[in-house]
């Protein structure tokens, strides 16, 4: 499908905006860019196109915040990621087989309920011991959502946010999650017969606006206090939930 300059410009702006949010919060690239890409390409094409940017940007963030890997609260992460890998396989099947609206609506409601809980009980925290026990289930749920829709934040990021880690640990855990999901999703799409070589090339080109704007988000985040960062994540999750419920 040929795209005129206006469409290319709109997609570049969407990718750049997603990159600013990702630079500031460690997430947000697919949440901002994927709806626009889906409008022009369709869901399968958009999900395939985003694999390369997600692998590259999250690998870089995992390396940048690698010191947080020594945080004792990261004990939940291996089994969480293992569950995510299983979930990706299930979600990729759903992408090619099932309608997504009912699932997205349900997840949007769950996400808004979580935001309401955090506002009503701001000291609610998932403790490390509980995170290790239930992490694989949430990892799998995030993987299913990532595989089916290209967006895993409503489950994965919500769970990690509920652990109330500091910014570096939060960004490391979220980035490790996205890196694993995208790395498993790419071959899963190929096995399912969905992935195309042209989409990989488009994903490489998408890195241009992403790499140009991520540093801006990082500069913004560097000026935020822990409380302000937490508030930014909550606002972002609330907007995601509202968007999912309204079907925008």
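The values are calculated or read from the model by the stated rules, or taken from the named source; none is laboratory data. Model, not experiment: these values are computed from the prediction. Note that we place each Cβ from the backbone using ideal geometry, even for glycine, and neighbour counts take in every protein chain shown.
So the values come out like this:
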{"read-out": "Answer from 67, 59 - the residue that is closer than 15 Å to residue 166 by Cα and either over 14 Å from the mean Cα position of the chain (by Cα) or assigned to a helix (DSSP H, G or I) (or both)", "value": "67"}
{"read-out": "Exclusive hit being at positive phi and modelled with pLDDT under 90, set 150, 143, 91", "value": "150"}
{"read-out": "Residues being closer than 14 Å to residue 182 by Cβ and at pLDDT 80 or above - total across the stretch 34-54", "value": "9"}
{"read-out": "Checklist (1) modelled with pLDDT of 85 or more; (2) in contact with a helix residue (DSSP H, G or I) (Cβ under 9 Å, 6 or more places away or on another chain); (3) surrounded by fewer than 19 Cβ atoms within 10 Å (Cβ to Cβ); (4) farther than 30 Å from residue 193 by Cα applied to residue 124, failing item", "value": "(1)"}
